[in-house]
Amino acid sequence: MMADRDSVERLLKTARGQIDGLLKMVEDNRYCMDISNQLLATQAILRKVNRLVVEAHLGSCVRDAFTKEDTQAQEKKISEIMNLLDKMTK
């Protein structure tokens, strides 16, 4: 993985802590809107991590494929990105 590993790990550990907190909130039968707000905060962190990973992928793997004359590798990278975009927009 070419993304800043320290940043990715820190953010994922934060998200894990938030998920643990969410489980406790559900167990404690906390107010629904408080749980929902915490869910949104956790999702925002995960979106940020995904952006870092995708940005690193574009800057390394995809760039490498396009600096070579390997059309098959280029098409594969385009397909990967399109599949990811499809998932992100659902």
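The values are calculated or read from the model by the stated rules, or taken from the named source; none is laboratory data. This one's a predicted model, so the numbers in the text were calculated from it and none came from an experiment. No Cβ is skipped: glycine too gets one built from the backbone with ideal geometry, and neighbour counts run over all protein chains shown. Just the protein is used for accessible areas: all its heavy atoms, side chains included, with ligands, DNA and RNA removed. Shrake-Rupley method; radii C 1.70, N 1.55, O 1.52, S 1.80 Å.
Note on the stretch 22-40: residues that are part of a helix (DSSP H, G or I) and exposed (fewer than 14 other Cβ atoms within 10 Å of the Cβ) total 10. Checking the stated criteria, GLY59 turns out to be open to solvent by less than 50 Å² (accessible area, probe 1.4 Å), part of a helix (DSSP H, G or I) and out of contact with any helix residue (DSSP H, G or I) (no Cβ under 9 Å at 6 or more places or on another chain).
When you look at SER79, is it surrounded by fewer than 13 Cβ atoms within 10 Å (Cβ to Cβ) and polar (S, T, N, Q), yes or no? Criteria met by SER79.
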